[in-house]
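Bear in mind that the values in this text are calculations on the coordinates, not laboratory data. Values in this document were obtained by computation on a predicted structure and should not be read as measured data. In this analysis, Cβ positions are derived from the backbone assuming ideal geometry, glycine residues included, and neighbour counts consider all displayed protein chains.
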Amino acid sequence: MSQELTVINDLYSRTGTDPHELDDPDVAHLVINENHVLGMHAVPGLDVDAKELDDGVKVVVNLRSGTIVKKPVHLCFGMTPDRGVQRIIMDVTIESGAHISLLAHCVFPVAVDVQHIMDARLRVGENASYKYFEKHVHSPAGGVKVYPKALVEVGPGARFETEFELIEGRVGLIDIDYEATCQANSLLDMNARISGRADDYIKISETANLVGEYAKGVLTSKIAVRDNAKAEVYNKLTASAPFARGHVDCKEIVQDNGVATAVPVVDVHDPRAHITHEAAIGSVDNKQLETLMARGLSEDDAVETIINGLLSRS
């Protein structure tokens, strides 16, 4: 087995994903370890170019008009060493009427001092759709710093969905910075679910600008902080077009010495638009806690169950 294939198998085994899925000719994939491209495969209608730079990797993706990619595209961005900087520059264009779903695994299993920097520019064309599910595996030491930044253009009638989830390990530091502009009849849905422990630091800054008639946007953050972890959520939704609709939803659970801040901002410039927001910060619900403990769970297990429920996809 080649060294590259060994690394790919190791990265995928840590995510609970069968690496043999990459053998399917109908599954497009891109695997990057540190700043090196280990594997890449495209499918008809999907053009992918990954170029190694001196300080990172530039990835250009173009999905041609009308193309429907039936199976999720697999992306794996990993760092097998315990130290280093990974920089990914993404330039993505989804042409009109095209549809794609991507499953991204960001894997830093033994990180002591690792930085993952993602700088993306995305354009989703008219009546196209782009779904991006990002799953992170970090080391238990919390030695990861993650900086994802994206500028997104959502065309008329297009759909843009993102979902961020930490599935293993400690957060370390994460600083999400997304801004999207949504045209007429488009739909935007951004979700983040993160649990912080020890001295983890979580910062989320998401902005959606609904500039087209009947554009819709939802920004959802579900965060739990325990021990001495901190979380700051700044979500802004603006509506400057008739009949635009949107909602900002932030829920944070605070335990121990954790600190949480939520700043939902709604900004409406047309009387026919309607934007709502909801923010809730506090400890776990006592009634839920008592109910679970009455069923035989310890207090720690009951708290864990409630937090897992908050962070679930439902």
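Annotation for region 112-165 versus region 56-77: alpha-carbon center distance of 13 Å. Comparing ALA208, LEU188, ALA198 along the charge dipole axis of region 177-240, the residue lying farthest to the positive side is ALA198, per the Cβ-charge model.
In which sequence would ILE194, ILE275, ILE89 go, from the one with the fewest C-beta neighbours within 10 Å to the one with the most?
ILE89, ILE275, ILE194
Residue by residue, region 23-34 carries 3J(HN,Hα) couplings of 7, 5, x, 8, 10, 6, 7, 9, 10, 10, 10, 6 Hz when phi is fed to the Karplus relation 6.51 cos²θ - 1.76 cosθ + 1.60 (θ = phi - 60°); x denotes Gly or Pro. The amide H of ALA279, built 1.01 Å from its N in the peptide plane, has CYS250 as neighbours under 5 Å, considering only residues 5 or more places off or on other chains. Placing unit charges on the Cβ atoms only, positive for Lys and Arg and negative for Asp and Glu, gives region 1-109 a dipole magnitude near 260 debye about its Cα centre. Charges were assigned to the Cβ only: +1 to each Lys and Arg, -1 to each Asp and Glu. The resulting dipole of the chain about its Cα centre is roughly 620 debye. When you count the other C-beta atoms within 10 angstrom of each residue and take the mean per peptide, 140-147, 231-238, 22-29 line up highest first as 231-238, 140-147, 22-29. In a fully extended conformation the segment linking ASN9 and ASP26 would gain 4.2 nm over its present Cα-Cα distance, using 0.36 nm per residue.
Count Lys and Arg as plus one, Asp and Glu as minus one, and take only other residues whose Cβ is under 12 Å from that of LEU103; the net charge is then -1. In this simple spin-label model, placing a label point 7 Å from the Cα along the Cα-to-Cβ direction at both ASP270 and ASP175 gives a separation of 3.5 nm.
THR261 to GLN288: FRET efficiency via 1/(1 + (r/R0)^6), r the Cβ-Cβ distance, R0 30 Å, to the nearest 0.05?
0.80
From the coordinates of this entry, Cα extents along the principal axes in Å is computed, and it appears in (1) 56, 43, 38; (2) 51, 48, 39; (3) 55, 54, 36 under the label (3). Using C-alpha pairs under 8 Å with a sequence gap of at least 6, the mean separation divided by the residue count of the chain gives a relative contact order of 9 percent.
Karplus-based coupling profile of region 130-146, in residue order and whole Hz: 9, 10, 10, 10, 10, 10, 10, 10, 10, 6, x, 7, x, x, 10, 10, 10, with θ = phi - 60° in 6.51 cos²θ - 1.76 cosθ + 1.60 and x standing for Gly or Pro.
Among SER65, LEU38, ASN286, which residue has its Cα furthest toward the positive end of the charge dipole of the chain, with +1 on Lys/Arg Cβ and -1 on Asp/Glu Cβ? The residue sitting most towards the positive pole is SER65.
At 7 Å along Cα-to-Cβ for each site, give me the label-to-label distance between ASP227 and TYR147 in nm. The two pseudo-label positions are separated by 2.4 nm.
Rounded to the nearest 5, the antiparallel percentage of DSSP beta bridges internal to the chain is 10%. Per-residue ellipticity at 222 nm computed for the chain from its helices equals -3000 deg cm²/dmol, with DSSP H segments shorter than 4 residues left out and the rest contributing -39,500 (n - 2.57). Each other residue within a Cβ distance under 12 Å of VAL124 adds +1 if Lys or Arg and -1 if Asp or Glu, for a net charge of 0. Projecting label points 7 angstrom from Cα along Cα→Cβ for ASP199 and ASP113 puts them 1.4 nm apart.
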